[in-house]
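Heads up: the structure comes next, in structure tokens.
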Amino acid sequence: MTAMRKPVLPLAHVPVPSNDVLPRATMSLPAVKQQIGFGGRRRNLPVTVEAKRPRRINEIDCAEKAFFPQLIWSIYLSYDQDDAENRAIVAAMMADLQVWADLMLPGQWWDFKREANRAVMAALEPMFDKNAGGWQSIKVLMVSLLLVKWVDTHAPEPMFTTDFARHIAAIAAHLDRMYGDECDAVEPSAHKMLGKVIARVKQCGLFKWLPDYRSDDHG
């Protein structure tokens with residue numbers, strides 16, 4: 001998987017929850033200086049201002065961002081939880097999901113959770129292999145990685161926290177290192193499947209801004 005083109009959203013820069021009692025932030029303006037003192041004590045310091053953050057954050061916007069950690073969490077939850085690496089991914093995705101959940105007001109939380117859950121289930125459904133009676137792990141992960149790349153390419157703003165980007169890059173590297181031949185074998189079918197997954201998710205009301213995917217268009 002290639003490096004993500006857009007800057008990811010560091011956890012430290014994720015908006016403070018909109019249900020914060022005092023939704024304010026202190027911002028430094030390095031390009032604006034204020035002169036302090038006189039004579040030998042005179043010096044210029046950056047100006048700091050207090051900015052009020054919006055109290056309401058759209059639950060659909062957050063559901064779109066929460067979709068990705070919830071999708072990876074759902075996939076890895078089906079793997080062997082006696083494996084420490086699998087447990088670590090599950091915990092990391094749940095923590096990332098909580099970042100977005102914490103931005104919701106009490107009245108928004110259920111709508112946010114419902115939209116994210118419904119979209120993840122819709123994304124997984126076409127990947128279910130009825131003949132095998134389950135999911136092909138490599139293919140599901142390949143489709144998920146391709147989806148991350150496609151969304152990152154077309155999103156008007158960063159969609160992922162720094163932690164999520166780090167974990168998804170580690171997953172991609174692990175797949176390439178351990179299952180490179182299998183990944184190469186399923187990649188054509190993963191590209192074909194991605195179009196179906198995107199269509200199903202858009203039917204749920206998320207990512208309506210995302211261009212449709214064609215199997216011959218690899219972004």
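Structure notes:
- Scanning region 85-117 for residues that are under 25 Å from Gln136 (Cβ atoms), over 16 Å from the mean Cα position of the chain (by Cα) and open to solvent by 60 Å² or more (accessible area, probe 1.4 Å) yields Glu85, Arg87.
- Filter pass, Arg56 being of a type in the set (D, E, K, R), over 24 Å from Met142 (Cβ atoms) and at pLDDT below 60: yes
- Residue count, region 160-170 (criterion: under 20 Å from Ala190 (Cβ atoms), touching a residue at least 60 places away in the same chain (Cβ under 8 Å) and either acidic (Asp, Glu) or open to solvent by 10 Å² or more (accessible area, probe 1.4 Å) (or both)): 2
Residue-by-condition table, conditions (1) farther than 15 Å from Val197 by Cβ; (2) at pLDDT 90 or above:
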site	(1), (2)
Ile89	yes, yes
Asp111	yes, no
Ser137	yes, no
Leu147	no, yes
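- Region 67-84: number of residues that are of a type outside the set (Gly, Ala, Ser), open to solvent by less than 60 Å² (accessible area, probe 1.4 Å) and at pLDDT 90 or above: 8
The values are calculated or read from the model by the stated rules, or taken from the named source; none is laboratory data. Nothing here was measured: the structure is a model prediction, and the numbers come from that model. Note: ideal-geometry Cβ built from the backbone for every residue, glycine included; neighbour counts use all protein chains shown. Ligands, DNA and RNA are stripped out before the accessible areas are found, and what is left, the full protein with its side chains, is counted by its heavy atoms. Shrake-Rupley method; radii C 1.70, N 1.55, O 1.52, S 1.80 Å.
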